[in-house]
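Structure first, then comments.
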Amino acid sequence: MKGVGQAGFYLDGVDGLMAKLESLASGIDGAMEDAVQAGGEVLTEELVKAVHEAADRGYSQGTLETSIESDGIKNVNGGKMTTIYPHGTDTHSKGMYTKVIGTSKRGHPITRVANAGGSVRNYDKLWYLEYGTARQAAHPFMRKALNDARPKVMEAMKREIDAAIESASRS
């Protein structure tokens, strides 16, 4: 008995169904990796844009925003993931930074000034931008950036998965 399945392919009995399902399953791992990669690229763009807007105080050299990138695709608990964060250090700093020494009851960092020896980790700079320091006002941007990026990330991931399903259904 022949019929059209939901994905738009023809089946010929149980053997045909099993062959199609196996074909679809074999491409799942690659499709998920492609989807996470596509979503990560969109999220990276949105975070870079948000950092630029939050840090643009007339003296920013752009080292923080150019350091934001993915650390690659990882297998985690049977799924795929990527982490996007600022990498490296800013060697253009003035040699002083605020060190986080604890957390307040409300979850905000408790800081003190420390000597960085002329460099500051970009990850720390992101933290200072988001939460502020004893001498720098906070410029929160993360929540808004993540909320604004969510539908774009989901659409990019959906496109990759749909393309993989379409490709597998033709084979």
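Can you work out the FRET efficiency for the pair Leu146 and Val14, with r the C-beta to C-beta distance and R0 = 41 Å, to the nearest 0.05?
Step by step, r from the Cβ atoms, then E = 0.35.
Going by average Cβ neighbours within 10 Å, how do the peptides 34-46, 147-159 rank, with the highest at the top?
Top of the packing list down: 34-46, 147-159.
Could you calculate the contour length gain from Thr83 to His108, that is, 0.36 nm times the residue separation minus the distance between their Cα atoms, to one decimal place in nm?
6.8 nm
Please give me the summed charge of the neighbours of Glu160: other residues whose Cβ is under 14 Å from its Cβ, Lys and Arg +1, Asp and Glu -1.
-3
The numbers here are math on the coordinates, done by the rules we state, and not lab data. Since the model is a prediction, treat every value here as computed from it, not as a measurement. Note that each Cβ is placed from the backbone with ideal geometry, even for glycine, and that neighbours are counted across all protein chains shown.
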